[in-house]
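The values are calculated or read from the model by the stated rules, or taken from the named source; none is laboratory data. The structure presented is a predicted model; accordingly, all values stated were derived computationally and were not measured. Methodologically, a virtual Cβ is constructed for each residue, glycine included, from the backbone with ideal geometry; neighbour enumeration extends over all protein chains shown.
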DNA sequence: CTGTTAGCGCGTTCAT
DNA sequence: ATGAACGCGCTAACAG
């Protein structure tokens, strides 16, 4: 009997005893459905692609482990599709991937989530999409976090420590994260009754190097900041490294904080105050929603995950003039 | 005509003009072979699995990017198979993966490379294997590096700086890396005419935490070391963090070095002296060799890749007694 | 609720 | 050197 197909696909309309009989036989024969045959006959690939831009470092590792988790329980497999966003080849690369492997869904990570050309190309291919932290509020399937509110809280922490001159090193252009974190920074200033001083806002790249460079620029100011909120942990690491190299003490002379809470944040010295983003959970959740929307195009939602502040040793009370060294 | 098959498989015995005709037609029709159908009819999956134990952090990211590279040019796809080595479920998990997806090959990463039970199970399944940094010198296909020689050189660097009491924080049990790095450490001592003092050799786990713990133990010694070689960068980060937290200056009071040259190594303060291991290249090369051995069981070799020392700021001259603080 | 029938798109014979 | 027929293991659509 080929009712086995129904059993393995968890379809309804199978008498429990029949189902049990099939399952027993399957176990006895050590039967395992052949993925290729399933795909071929079912016009589905049981494959989802994780498309991302190279740089992000540990972020992708964490995200991936969540995606793998979700795929596994759904008997899907995952393929990695790294692309170079800056080379502008990424649209073709991803389209090629779709053409060749026909994944049932694609999980997009910033900044790919908001690339109009890419989205247009993918829309015409008809592949289901899910988004991690998309800038576009329209994105219907995926996972996000209220980064703006998180930064607002982080800023309140700095203000409570007495800081009044707080700088911000921004993230890369075209990332939603860059906008939200900047917005949270401005919210934080406003809530504390502080003016927005654009000389305290330095462009950045989400990179260690841009953090170091930003610190040099900030120290050259007539009135340097006493605290710096860097747009992510890598940038914060660059800021701290440069500060320590110039003989400043953190947090005695300068407070520094980041965003992401990568493992590195605990390991820096001093350990970094940052915002914990549950990246693995976001990968898992976004994938689950993607799988739902694959089964039923109208299913799947954008799930908001909670953040948490990780207050560590890189932030402290504002230095008094007397206590300042060098 | 179904000679197209021959063309797409790069088989011989096709007249050049026929081949050209087929290729032209394929391009015109935007024809792309269907991977599922290929797999089903050809009894191959065109899939290779990357099996690894969770902890390794950035290492797997780098390795993966090399593996993806190699797979892509060979029109293979890669699947990630993370396992929990300590839970002892890993053999079943990997066997399950083989049963379900029948990958044409599996790339093993330490410590899976040397797990006898796993290798036995995989051997009976008949899947082709490739190894990254296997302990077993018999492993015939994959990529490795002369870690022992690398550490020997690193030790020579410390000795040249005047260090005589050099400690070592070991890696996890069952890792080839742990043995080689220890052997290199002993080689280095021997070359400098220094005695092996087992109180200076502390167990570790390749983790930040084990590095911190090791530092505490070493400082409790009557004659603490002036330099510490940690078995990897994570461990070294833990050592440095704990040292700085205790008020020691690196490298003025204590020199520290690691192994791997992960991106983090540049970003620590002070930046970390370490051994550069070309992980991405190893992933690519091991995959290439695996693919060769899939086509022809007798093909594929173990390729040795070169190392390089990254001498940075965490190592310096041995402190004079007078210069020592606290 | 369950069995039957026909392909899915390609590799693999075997003729030609 | 090339074409025709068959079948890989499964799902889909229907018939019972």
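If you scan region A:102-129, which residues turn out to be in contact with a helix residue (DSSP H, G or I) (Cβ under 6 Å, 6 or more places away or on another chain) and over 19 Å from residue A:286 (Cβ atoms)?
Correct list: A:117, A:121, A:125.
So if I check each of A:85, A:76, which one is touching a residue at least 24 places away in the same chain (Cβ under 8 Å), within 16 Å of DNA strand D (Cβ to nearest atom), more than 9 Å from chain B (Cβ to nearest Cβ) and in contact with a strand residue (DSSP E or B) (Cβ under 9 Å, 6 or more places away or on another chain)?
Answer to the check: A:76.
If residue B:168 satisfies all but one of (1) farther than 16 Å from residue B:277 by Cα; (2) surrounded by 23 or more Cβ atoms within 10 Å (Cβ to Cβ); (3) not assigned by TED's automatic domain parsing to the domain that holds residue B:203, what's the number of the condition it fails?
Condition (3) is where residue B:168 drops out.
Scan region B:205-217 and give yes if some residue there is more than 10 Å from every other protein chain (Cβ to nearest Cβ) and over 26 Å from the mean Cα position of the chain (by Cα), otherwise no.
yes
Is it the case that region B:219-229 has a residue that's buried (at least 24 other Cβ atoms within 10 Å of the Cβ), within 24 Å of the chain's Cα centre (by Cα) and in contact (Cβ under 8 Å) with a residue 40 or more places away in the chain?
Yes, the conditions are met somewhere in region B:219-229.
Quick check on this structure: which one of B:16, B:55 is away from DNA strand D (no atom under 16 Å from the Cβ) and at pLDDT below 80?
On the way: B:16 fails: away from DNA strand D (no atom under 16 Å from the Cβ).
Only one candidate passes the filter, namely B:55.
Which numbered condition trips up residue A:2, out of (1) modelled with pLDDT of 90 or more; (2) more than 10 Å from chain B (Cβ to nearest Cβ); (3) surrounded by fewer than 17 Cβ atoms within 10 Å (Cβ to Cβ)?
Looking at each condition in turn, residue A:2 falls short on (1).
Out of all the residues in region B:237-292, which are under 19 Å from residue B:214 (Cα atoms), without any contact (Cβ under 8 Å) to a residue 12 or more places away in the chain and touching a helix residue (DSSP H, G or I) at 6+ places or on another chain (Cβ under 9 Å)?
Within region B:237-292, just B:245 meets the criteria.
Considering only region B:23-46, state which residues are under 36 Å from the mean Cα position of the chain (by Cα), within 10 Å of DNA strand C (Cβ to nearest atom) and at negative phi.
Within region B:23-46, the first condition is being under 36 Å from the mean Cα position of the chain (by Cα), and the residues that meet it are B:32-46.
Right, trim to within 10 Å of DNA strand C (Cβ to nearest atom) and you get B:32-44, B:46.
Answer for region B:23-46, where residues must be under 36 Å from the mean Cα position of the chain (by Cα), within 10 Å of DNA strand C (Cβ to nearest atom) and at negative phi: B:32, B:33, B:34, B:35, B:36, B:37, B:38, B:39, B:40, B:41, B:42, B:44.
Can residue A:62 be described as within 20 Å of residue A:78 (Cα to Cα), more than 12 Å from chain B (Cβ to nearest Cβ) and more than 10 Å from DNA strand D (Cβ to nearest atom)? Spell out how you get there, then give the answer.
On the way: within 20 Å of residue A:78 (Cα to Cα): yes; more than 12 Å from chain B (Cβ to nearest Cβ): no; more than 10 Å from DNA strand D (Cβ to nearest atom): yes.
So residue A:62 does not fit the description; no.
Kindly list the number of the only condition in (1) closer than 17 Å to residue B:134 by Cβ; (2) modelled with pLDDT under 95 that fails for residue B:296.
(1)
Can you pull out the residues in region B:290-315 that are in contact with a strand residue (DSSP E or B) (Cβ under 6 Å, 6 or more places away or on another chain) and outside any strand (DSSP E or B)?
Of everything in region B:290-315, those that are in contact with a strand residue (DSSP E or B) (Cβ under 6 Å, 6 or more places away or on another chain) and outside any strand (DSSP E or B) turn out to be B:290, B:293, B:294, B:307, B:311, B:312, B:314, B:315.
Yes or no: region A:209-229 includes at least one residue that is closer than 20 Å to residue A:109 by Cα and touching a strand residue (DSSP E or B) at 6+ places or on another chain (Cβ under 9 Å).
no
Of the residues A:118, A:47, only one is surrounded by 13 or more Cβ atoms within 10 Å (Cβ to Cβ), over 30 Å from residue A:267 (Cβ atoms) and within 16 Å of DNA strand D (Cβ to nearest atom); which? Even if it seems obvious, please write down each step before you answer.
Numbers: A:118 fails: within 16 Å of DNA strand D (Cβ to nearest atom).
The conditions single out A:47.
Just give me the residues in region A:251-274 being out of contact with any strand residue (DSSP E or B) (no Cβ under 6 Å at 6 or more places or on another chain), more than 9 Å from every other protein chain (Cβ to nearest Cβ) and buried (at least 23 other Cβ atoms within 10 Å of the Cβ), in sequence order.
Residues of region A:251-274 out of contact with any strand residue (DSSP E or B) (no Cβ under 6 Å at 6 or more places or on another chain): A:251-254, A:260, A:262-264, A:266-272.
Still in the list and also more than 9 Å from every other protein chain (Cβ to nearest Cβ): A:251-254, A:260, A:262, A:272.
Across region A:251-274, the qualifying residues are A:251, A:254, A:260, A:262, A:272.
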